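Report on one structure; see the data block that follows.
The values are calculated or read from the model by the stated rules, or taken from the named source; none is laboratory data. On a predicted model such as this, the values are computed, not experimentally measured, just so you know. Counting neighbours? That spans all protein chains shown, and the Cβs are built from the backbone with ideal geometry, glycine included. Protein only, heavy atoms only, side chains kept; ligands, DNA and RNA dropped before computing areas. Shrake-Rupley method; radii C 1.70, N 1.55, O 1.52, S 1.80 Å.
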Amino acid sequence: MRSLRNYIDGRWTDSTGGQRIRDINPADTDEVIAEAPASTAADAAAACEAAARAFPAWRNTPAPVRGQLLYRVQRRMEERKEELAEALTREEGKTLGESRGEIQRAINVLEFFAGEGRRITGETIPSELPHNFCYTVKQPVGPVAVITPWNFPVAIPIWKIAPALVSGDTVVFKPAPLTPLTAVMLAEMFEGCGLPPGVLNVVHGGREVGETMVSHPAVAAVSFTGSNEVGGQVYAAAAARGIKCQCEMGGKNPIVVLADADLDLAVESTIQGAFGSTGQRCTATSRAVVEASIASEFVERLRARAASLVVGNGLDPKTNVGPSVDERQLSTVLNYIGVGRSEGARLVTGGERLKDGGRERGYFVAPTIFDEVDPNMRIAQEEIFGPVLSVIRAPDAKSALEAANGVRFGLSASIYTSDVDRMFRFVDQLEAGIIHVNSPTVGGEAHIPFGGMKATGVGLREMGRVAIDFYTELKVVYVDYTGGKRTGNLY
Ligand code: NAD
């Protein structure tokens, strides 16, 4: 068991409080992987102050040089990929293959933003004033608070920290309390690559640490990913201070399968989207909206595929679906399965906790499918964040679109059809930040913007070049070379 510390001002430090967080393997709760400090407001404040002290020198470090640090971290992460993947699987529960995929995403993100160090460009814009040269520059915002969830504990922190650092911001990073080990491994990689003290700080803990970071006067922007409940509070606190804030929150992503779709493809993608990463993805497929004429065949094929999935410890190469992340998430999932039953949806497969054959000490749930779900049922409206899929039968394409859009979230959505007209109509009208045509709801790439609309997201998108716009301020500069006072256009 590793005993973890905070990383503040370039030093590994104990918390000023004595409480500890236990980091437990969700596939085998007898295994305590690590312990981390449940840090105090004083620890969080110390990290914010360290980030503020480090800011002037980091801001003045040329952006291409900041980018070179990210290249070094990218190479370090490639070297430590297997070690990091195993820690991620032990800590969060996803399969080793999924962990490797997540880490590869983080490696790609580091590579992309390292390159952005040479491309943080502004514009030159023709002024309507004579002999005036007008241009824009992107400048660092300042110390940034980065608050992340447990479900992608490597990729999400990196897709915030990398653009922040290359933009010239310093960072205070609070990982989720369930995943402190991978956070420490990330900080070690930055430390080993020559990161100046205070440029990246890590403070373990929960609400108290997060609230202190968002309200600390040194913090100039907040990037949050997590639940709507917490994101709403973070957004309100940031708004009260008038600082920049982006919140990426929940999803209830639909896959729409029209009658002319390639059914084999649609079934396989639904399985991947619904049960990959145990359904614990913000982009997980949570609803399948299927044209009624093909629904029975679609559901039968889904049932057979879901029942063939191997649920178990993610370290076992045969495993397709790992555990829920902790007891709380397990009970949320089981509770929603009960809700689905009592709402009158038809349970097709799964629906129970699995406690046999080496799974006695883990939080395992059988992949679960409900059919004949009404779009207004709670299991069709609320984020479950587990291996539970709701199938909604729609009489025609128009009602399929209404059902797909009939939730408060809008992260990702898939449309399966072979009709090009209908495809474009869905692409135009689906209410989601990411649309997939004939591919699953999950996924994303380092250089492509990521984020949702409606209640899923507020603030600018993450990843892609647009991420730099969040971590920088745009400054407009007028250079008047008339040599005289301005005449006309004085507004
Ligand atoms: P959560 O909201 O419980 O916690 C997120 C982070 O906020 C954690 O680090 C937590 O300690 C911290 N926190 C808790 N209270 C706080 C407060 N008052 N002030 C500041 N910080 C506080 O979320 P979770 O359970 O860790 O993650 C699951 C959620 O994340 C799901 O809703 C999922 O959809 C969402 N998510 C969204 C995306 C996306 O890009 N849209 C990606 C991944 C996960």
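ALA404 falls short on exactly one of the conditions (1) among the aliphatic types (A, V, I, L, M); (2) under 27 Å from ALA221 (Cβ atoms); (3) in contact with a Pro (Cβ under 8 Å, 6 or more places away or on another chain), and that condition is (2). ALA34 meets all of the listed conditions (1) out of contact with any Phe, Trp or Tyr (no Cβ under 9 Å at 6 or more places or on another chain); (2) over 13 Å from THR182 (Cα atoms); (3) not charged (D, E, K, R) but one, namely (2). Every condition in (1) open to solvent by 20 Å² or more (accessible area, probe 1.4 Å); (2) within 22 Å of VAL427 (Cβ to Cβ) holds for ILE243 except the one numbered (2).
Pairs are defined by a Cβ separation below 7 Å, a sequence spacing of at least 6 or placement on different chains, a first member in the stretch 438-457 that is touching a residue at least 24 places away in the same chain (Cβ under 8 Å), and a second member that is among the charged types (D, E, K, R) and in a loop (DSSP other than H, G, I, E, B); the pairs so defined are VAL442/ARG281; PHE450/ARG461; GLY451/ARG461; MET453/GLU431; LYS454/ARG408; LYS454/GLU431; ALA455/ARG408. Screening VAL137, VAL109, VAL171, VAL146 for residues that are away from the ligand (no atom under 12 Å from the Cβ), touching a residue at least 12 places away in the same chain (Cβ under 8 Å) and touching a Phe, Trp or Tyr at 6+ places or on another chain (Cβ under 9 Å) leaves exactly one candidate, VAL109. Within the stretch 361-374, the residues that satisfy the criterion of being closer than 17 Å to PHE298 by Cβ and crowded, with 17+ Cβ neighbours inside 10 Å are PRO367, THR368, ILE369, PHE370, ASP371, VAL373. Residues that are farther than 23 Å from VAL333 by Cα and in a helix (DSSP H, G or I) were ranked within the stretch 375-404; the one that is most open to solvent (accessible area, probe 1.4 Å) is LYS398. With respect to (1) open to solvent by 10 Å² or more (accessible area, probe 1.4 Å); (2) touching a strand residue (DSSP E or B) at 6+ places or on another chain (Cβ under 8 Å); (3) more than 18 Å from ARG465 (Cβ to Cβ), the lone exception for PRO180 is condition (1). Name the residues in the stretch 424-444 that are out of contact with any Gly (no Cβ under 8 Å at 6 or more places or on another chain) and either crowded, with 18+ Cβ neighbours inside 10 Å or closer than 16 Å to ALA284 by Cα (or both), would you? Within the stretch 424-444, PHE426, LEU430, ILE435, VAL437, ASN438, SER439, GLY443, GLY444 qualify. For the residues GLY279, GLY273, GLY242, GLY231, the requirement of being in contact (Cβ under 8 Å) with a residue 12 or more places away in the chain and out of contact with any Phe, Trp or Tyr (no Cβ under 9 Å at 6 or more places or on another chain) singles out GLY273.
I want to confirm something. Restricting to the stretch 313-360 and keeping residues that are in a loop (DSSP other than H, G, I, E, B) and of a type in the set (Val, Ile, Thr), which single residue is surrounded by the fewest Cβ atoms within 10 Å (Cβ to Cβ)? Talk me through it step by step, then tell me what you get.
Of the stretch 313-360, the ones in a loop (DSSP other than H, G, I, E, B) are 313-320, 322-326, 344-345, 350-352, 355-360.
Next, only the ones that are of a type in the set (Val, Ile, Thr) stay: 319, 325.
Numbers: THR319: 22, VAL325: 25.
Among them, the one singled out is THR319.
Between VAL209, VAL154, VAL184, the distinction of being touching a residue at least 24 places away in the same chain (Cβ under 8 Å) and over 28 Å from GLY101 (Cβ atoms) belongs to VAL209 only. Of the numbered criteria (1) at pLDDT 95 or above; (2) surrounded by fewer than 22 Cβ atoms within 10 Å (Cβ to Cβ), the one GLY484 fails is (1).
Output the strands (runs of 3 or more DSSP E) that fall wholly within the stretch 187-261 and possess 2 or more residues being within 13 Å of the ligand (Cβ to nearest atom), or say none. Let's see the steps before the verdict.
Values: elements: 200-202, 221-225, 244-248, 253-257.
Passing ranges, in order: 221-225, 244-248.
From the list GLU291, GLU229, GLU248, GLU297, the lone residue that is closer than 30 Å to ALA145 by Cβ, surrounded by fewer than 23 Cβ atoms within 10 Å (Cβ to Cβ) and either among the acidic types (Asp, Glu) or under 20 Å from the mean Cα position of the chain (by Cα) (or both) is GLU229. The set of residues in the stretch 450-475 being crowded, with 17+ Cβ neighbours inside 10 Å and part of a strand (DSSP E or B) consists of PHE450, GLY457, VAL458, GLU462, THR472. The residue pairs whose first member lies in the stretch 333-349 and is assigned by TED's automatic domain parsing to the domain that holds ASN376 and farther than 13 Å from VAL373 by Cα, whose second member is of a type in the set (Val, Ile, Thr) and open to solvent by 50 Å² or more (accessible area, probe 1.4 Å), and whose beta carbons are closer than 7 Å, counting only pairs six or more residues apart or on different chains, do not exist in this structure.
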